[in-house]
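The values are calculated or read from the model by the stated rules, or taken from the named source; none is laboratory data. Because the structure is a prediction, the values reported are computed rather than measured. Here the Cβ positions follow ideal geometry from the backbone for every residue, glycine too, while neighbour counts run over all protein chains shown. With ligands, DNA and RNA removed, areas are computed over all heavy atoms of the protein, side chains included. Shrake-Rupley method; radii C 1.70, N 1.55, O 1.52, S 1.80 Å.
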Amino acid sequence: VVDLVMLGYSVDSAALSHLAAVCSGQSSSVHLKKIDLGRCSMNGEPEAKPIASIVASAHLTSLILDGNIGFGNLGLSAFAAALPEECTSMTRFSVADCRLEPGCAVALGQLVHKLPKLDELHLEYNSLRNSDVEVLLEELSSHHLQHLHLSKNQLDDGALDSLRRFLSARRPLFLSVCRSLFCSFGQAGAVPPCYIYIHSNRMSEAVLDGIAHQRLCSNDRVYD
């Protein structure tokens, strides 16, 4: 087994605990690496601990929890707390449309810290605010994550301050302000760039136009 897709099925903590037990005792012929638990009607905190156990015991590379609107901040916090330190297998984690709300920044920071090899973090279709993103970007300044999806949240013009501070960490940044436009900021070098997707938030048209066509640093570039 390589991928397990349970999209749309109702999954409770008992089922997840059973799967965690199976994963912890899996034979060499069984390799479960990717799990999609999207829209599985999970309520968050009760399911968080067995999901973290599955991640650790199966050495998952990808976990998708999209559309579990009952997951929320409590589920994310419980999941981050239950993850072991230095969970190095995970490269993709997605909690799009999970009703994450303002105040989840601490859990996001803890999550990123415990997943040092994470390449993709999907947070679209939630209600994150500028303050949440600011804390997350501070954690990412020393992390190698390459794709951060923040589209369809509640970010306004003030989020640019966080992005400017992120640039001060001397990490190249590709900023997506719409589906087909990337703006490049910062010097390319040994540190991999980070692609941040922010379209369809609450930023004003004037600010988005400024990102695309005015200088935020001395060597900005625009890619179509």
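Element breakdown for region 4-110 at a 1.4 angstrom probe: carbon and sulfur atoms account for 55% of the accessible area.
One equal scatterer on each Cα of region 63-155, no solvent, Debye formula: the resulting log10 I(q)/I(0) at q = 0.12, 0.16, 0.23, 0.24 Å⁻¹ is -0.30, -0.55, -1.27, -1.40. For region 1-90, GluC sites (Glu not before Pro) meeting the loop criterion (DSSP other than H, G, I, E, B) and having at most 14 other Cβ atoms within 10 Å: 85, 86.
Among the protein heavy atoms, those of residue 129 account for about 110 Å² of accessible surface (1.4 Å probe, every chain in place).
Taking all protein chains into account, the per residue accessible area for region 17-150 stands at 40 Å² (1.4 Å probe).
Tally Lys/Arg at +1 and Asp/Glu at -1 over every other residue whose Cβ is under 11 Å from the Cβ of residue 33; what's the total? For residues surrounding residue 33, the net value is +1. Our Cα-only numbers for region 23-178 put the radius of gyration and Dmax at 15.4, 51 Å.
Using 0.36 nm per residue of separation minus the Cα-Cα distance, give me the extension gain between residue 2 and residue 142 in nm, one decimal. Walk me through the numbers before you get to the answer.
Working: separation 140, 0.36 × 140 = 50.40 nm, distance 3.10 nm.
Fully extending the segment from residue 2 to residue 142 adds 47.3 nm.
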